[in-house]
Amino acid sequence: FLRVTDVSKWYGDEQVLDEVSFEMDRGDVTVLIGPSGSGKSTMLRCVNRLAEAQEGSIALDGEEVLAPDTDVDELRREVGMVFQSFNLFAHLTATGNVALGPRRVLGLSEDEARDRAAAQLERVGLGDQLDSYPAELSGGQQQRVGIARALAMEPKLMLFDEPTSALDPELIGEVLEVMRGLVEEGMTMLVVTHEMSFARAVADEVVFLDDGRVVERGPPEQLFERPERERTGRFLERIA
Ligand code: ATP
Ligand code: MG
């Protein structure tokens with residue numbers, strides 16, 4: 001469903017992705033882990049063309065994402081992204097934030113967009129906060145609005161870039177709980193996270209990136225319990 005093949009990327013002279021390959025079936029959850037600067041965010045951003053890979057192939061549902069004639073707006077409708085910082089509009093309510101994309105990008109009517117937003121906010125457990133402004137919500141609630149906003153576009157793939165890293169520890173659980181719910185619904189998800197217990201519980205495959213390269217990948221039981229590479233073991237010890 002998503003096939004990343006030998007993707008390389010440079011910023012100027014600096015190579016940040018070096019022949020990265022992995023693939024996902026529909027409904028799979030893949031977790032990308034690795035040290036700071038290893039290229040995790042860059043890899044995600046290449047999938048929705050927020051960053052341009054110079055070499056390799058990324059096929060999504062049989063279509064080449066990196067082709068020059070790819071409709072990038074359509075690609076970004078199909079691929080939802082959730083960031084570490086929630087990036088909500090402060091002057092819009094939860095409903096307003098979630099309805100914006102369906103209204104502006106999908107062209108739904110005001111009423112349709114608000115109905116869809118309400119449904120997605122219910123889905124992330126915020127049915128009682130439809131009219132709250134971001135400043136009235138906790139970080140965990142704001143991030144759940146961020147997830148609802150991505151879901152409202154009915155994406156076929158969801159990218160998560162450290163969705164809980166900006167949260168106080170006591171708020172992380174509610175966001176992971178929403179993500180687990182999406183996993184159960186069969187959403188295809190590519191997730192950068194340092195939450196190893198989450199990765200262990202839901203990942204079909206864990207990909208360990210270091211210095212732009214895939215050092216090792218495999219099912220979480222294998223990668224966490226019996227890493228084949230010494231480098232993987234050292235990284236896991238450090239973050240445990
Ligand atoms: P972190 O865990 O800190 O988020 P990461 O694994 O997500 O790190 P990236 O953000 O993908 O790493 O960065 C990979 C490398 O690319 C780093 O050396 C970074 O400095 C560099 N880089 C990222 N974005 C840019 C940019 N827009 N211009 C130049 N260099 C960049
Ligand atoms: Mg990053």
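Laboratory data are not the source of any read-out in this text; all were calculated from the coordinates shown. The structure presented is a predicted model; accordingly, all values stated were derived computationally and were not measured. Every residue, glycine among them, receives a Cβ derived from its backbone with ideal geometry; neighbour counts consider all protein chains shown.
Going 7 Å from the Cα of GLU19 toward and past its Cβ, which residues in region 208-234 have a backbone nitrogen under 20 Å from where you end up?
Residues 208-218, 228-232 fall inside that zone.
Please work out the C-alpha center-to-center distance from region 143-173 to region 174-240 and express it in whole Å.
The two parts, judged by their Cα centres, are 17 Å apart.
Rounded, prolate or oblate: which fits region 1-75 when a ≥ b ≥ c are the square roots of the eigenvalues of the alpha-carbon gyration tensor, with rounded for a/c under 1.5 and prolate only if a/b beats b/c?
Cα axes put region 1-75 in the oblate bin.
Rounded to the nearest 0.05, what FRET efficiency is calculated for SER138 and GLU74 with R0 set to 51 Å and r the Cβ-Cβ distance?
Working from the Cβ atoms, E equals 0.90.
Apply the Karplus curve 6.51 cos²θ - 1.76 cosθ + 1.60, θ = phi - 60°, to the phi angles in region 119-129 and return the couplings in whole Hz, x for Gly and Pro.
Karplus-based 3J(HN,Hα) across region 119-129 equals 4, 6, 5, 4, 4, 9, x, 10, x, 9, 10 Hz.
Round to a whole angstrom and tell me the spacing of the C-alpha centers of region 48-104 and region 1-35.
When both Cα centres are located, 17 Å separates them.
Rounded to the nearest 20 Debye, what is the dipole magnitude of the chain about its Cα centre when Lys and Arg each give +1 and Asp and Glu each give -1 at the C-beta?
Dipole magnitude for the chain comes out near 320 debye.
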